[in-house]
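Peer 1: Quick one: structure below, then a few questions.
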Amino acid sequence: MRLRTETPADHEAVAAVVTAAFGRTQEALLVDLVRRSEHFDPHLSLVAETGGRIVGHVLFSRVGLQGSGPAEVYALAPLAVHPDHQRIGIGSALVEEGLRRLDAMGEPLVVLEGIPSYYPRFGFVPASQHGMSPPDSGVPDEAFMIRRLAGYDPAIVGTIAYPSAFYASEALGP
């Protein structure tokens, strides 16, 4: 398996992997909308390749923070591995590589809404433990998580504000 930064030539394959992993197009639309926004950092859109085929993808993009600290932090969304290649460490490798890159950039933290039984293995904990809130009060506390990085400062607290791409993908996707 090879991990690398996504290129424009990968977009179609990434969309296929994300759609297969989630069983719907909404998350693939999110990836496409984020790519076309000012919140996209091409260095943090990563693919996993095996045998010349893209089998996994993870996207880290900037989201707003209303509170103290920086005006933006990074969010992990989505993480996708093709169903034929799940449960062999590809998703873990993608997350770890993205976190390593963000740590090297001096970022303070990463937020996500995700499966509470999956993400703690990477050091994610409920965001409420560190004064962070989701943009929607309907998100279960255990599903809204943060991972502190080397640049973390406990004075950073507030509410995450997702960019419009997150809401547009919900409206457009099935």
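Laboratory data are not the source of any read-out in this text; all were calculated from the coordinates shown. Since the structure is predicted, the reported quantities are computational estimates derived from the model, not experimental observations. FYI the Cβ positions are ideal-geometry reconstructions off the backbone, even for glycines, and counts take in every protein chain you see.
Peer 1: Please give the length that would be gained between ALA168 and MET105 if that part of the chain were fully extended, namely 0.36 nm times their separation in residues minus their C-alpha to C-alpha distance (nm, one decimal).
Peer 2: Contour length minus Cα-Cα distance gives 19.8 nm.
Peer 1: In nm, to one decimal, how far is the modelled label at GLU142 from the one at ALA71, with both set 7 Å along Cα→Cβ?
Peer 2: Going by the 7 Å Cα→Cβ label model, 3.7 nm.
Peer 1: Helix-derived [θ] at 222 nm for the chain: sum -39500 (n - 2.57) over DSSP H runs of at least 4, divide by residue count, nearest 500?
Peer 2: Here the helix-only value at 222 nm equals -8000 deg cm²/dmol.
Peer 1: Let me ask something else. In the chain, which helices (entire DSSP H runs) extend 15 Å or more along their own long axis, judged by Cα positions, while averaging at least -0.5 on the Kyte-Doolittle scale?
Peer 2: Details: long enough: 11-22 (16 Å, 1.42); 90-104 (21 Å, 0.17).
Correct list, ordered by number: 11-22, 90-104.
Peer 1: Please figure out what share of the DSSP beta bridges in the chain is antiparallel and state it in percent, rounded to the nearest 5.
Peer 2: Details: 30 of 34 bridges.
Taking every DSSP beta bridge with both residues in the chain, the antiparallel ones total about 90 percent.
Peer 1: Sequence gap at least 6, Cα distance under 8 Å: using those rules, report the relative contact order of the range 33-174 to the nearest whole percent.
Peer 2: Details: 243 pairs, mean separation 35.7, N = 142.
In percent, rounded to a whole number, it is 25.
Peer 1: Sticking with this structure for a sec: How large, in Å, is the range 2-172 by the Kirkwood hydrodynamic radius built from its alpha-carbon pairs? Each step should come with its number before you reach the end.
Peer 2: Details: mean 1/r = 0.0622 Å⁻¹.
Taking the inverse mean of 1/r over all distinct Cα pairs, the range 2-172 comes out at 16.1 Å.
Peer 1: Just want to confirm a number: the relative contact order over the range 96-174, from Cα pairs under 8 angstrom separated by 6+ residues, in percent. Numbers along the way, then the final one.
Peer 2: Values: 93 pairs, mean separation 29.6, N = 79.
Once divided by the residue count of the range 96-174, the mean separation gives 37 percent.
Peer 1: Let me ask something else. Rounded to the nearest 20 Debye, what is the dipole magnitude of the chain about its Cα centre when Lys and Arg each give +1 and Asp and Glu each give -1 at the C-beta?
Peer 2: Working: 13 positive and 20 negative charges, 69 e Å.
In debye, rounded to 20, the chain gives about 340.
Peer 1: What ranking of LEU30, LEU65 emerges when the number of other C-beta atoms within 10 Å of each C-beta is taken as an exposure proxy, fewest first? Present the calculation step by step, with values, prior to reporting the outcome.
Peer 2: On the way: LEU30 25, LEU65 21.
Result, fewest neighbours first: LEU65, LEU30.
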